[in-house]
Amino acid sequence: MNSIAVCFVCLGNICRSPSAEAVMRALVEEAKLADRIVIDSAGTGDWHIGQPPDERAQRAARKRGYDLSNLRGRQVAADDFARFDLFIVMDDANAAALASVCPAQYRDKIRLLMEFAARDDSRVVVDPYFGGDDGFERVLDQCEDACEGLLKALRTQLVA
Ligand code: 4NP
């Protein structure tokens with residue numbers, strides 16, 4: 001493929017998927033692939049449409065050099081399924097919710113983020129919303145691990 005479009009998906013689009021989006025964007029820019037890999041994020045739910053990421057997610061990310069302040073929550077839209085090549089979800093509930101609104105021909109675009117992790121063998125990125133600050137650090141640790149692996153996988157899909 002000449003270019004690849006990836007959408008990270010969680011429930012609210014204010015904690016996990018914006019964090020993954022920012023981590024992936026930094027890796028893609030560092031790899032000078034920003035013109036080949038399109039990155040976005042969205043939520044399966046509609047509670048936080050138009051809102052900036054959770055303060056705790058922003059603070060944890062800022063400490064590691066990621067700026068989430070310009071991101072705004074949005075809900076997955078019907079035309080996303082044709083537009084994106086991959087939907088990278090955080091947990092099994094995200095996968096099920098997305099599959100339930102995704103046309104059958106596009107369902108194989110849905111993958112769990114942690115499939116791409118090399119160091120952390122957990123299956124999912126746990127929702128940090130109702131927990132403490134350590135949950136947000138863990139989300140970033142998992143995103144950094146898995147997004148490295150995701151970038152490696154995408155490189156193999158891009159033609160030189
Ligand atoms: P996220 O976290 O899915 O990682 O953005 C959540 C944000 C908000 C809610 C749940 C999870 N909520 O219930 O409002």
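Taken together, the values in this text are just the output of simple stated rules run on the coordinates, not laboratory data. Being a predicted model, the structure only gives us computed values, none of them experimental. Virtual Cβ from ideal backbone geometry, glycine too; neighbours counted across all protein chains shown.
What share of Cα pairs, in percent, lie more than 19 angstrom apart in the chain? Of the Cα pairs, 49 percent sit more than 19 Å apart. Short-range pairs are left out: with C-alpha atoms under 8 Å and at least six residues apart, the relative contact order of the chain is 29 percent. In a fully extended conformation the segment linking Q157 and Y106 would gain 16.6 nm over its present Cα-Cα distance, using 0.36 nm per residue. Label sites at A31 and R83, each approximated as a point 7 angstrom past Cα along Cα to Cβ, lie 2.2 nm apart.
Dipole of the chain, Cα-centred, from +1 at each Lys and Arg C-beta and -1 at each Asp and Glu C-beta, to the nearest 20 debye?
Numbers: 20 positive and 26 negative charges, 66 e Å.
Dipole of the chain, to the nearest 20 debye: 320 debye.
When the inverse distances between all different Cα atoms of the stretch 63-115 are averaged and flipped, the Kirkwood radius reads 12.5 angstrom. The stretch 1-24 and the stretch 83-160 have Cα centres separated by 8 Å.
Taking each residue as 0.36 nm, the span from N2 to S122 lengthens on full extension beyond its C-alpha to C-alpha distance by 40.0 nm. Helical runs assigned H by DSSP (4 residues or longer) give the chain a calculated mean residue ellipticity at 222 nm of -12500 deg cm²/dmol, each run adding -39500 (n - 2.57) before division by the residue total.
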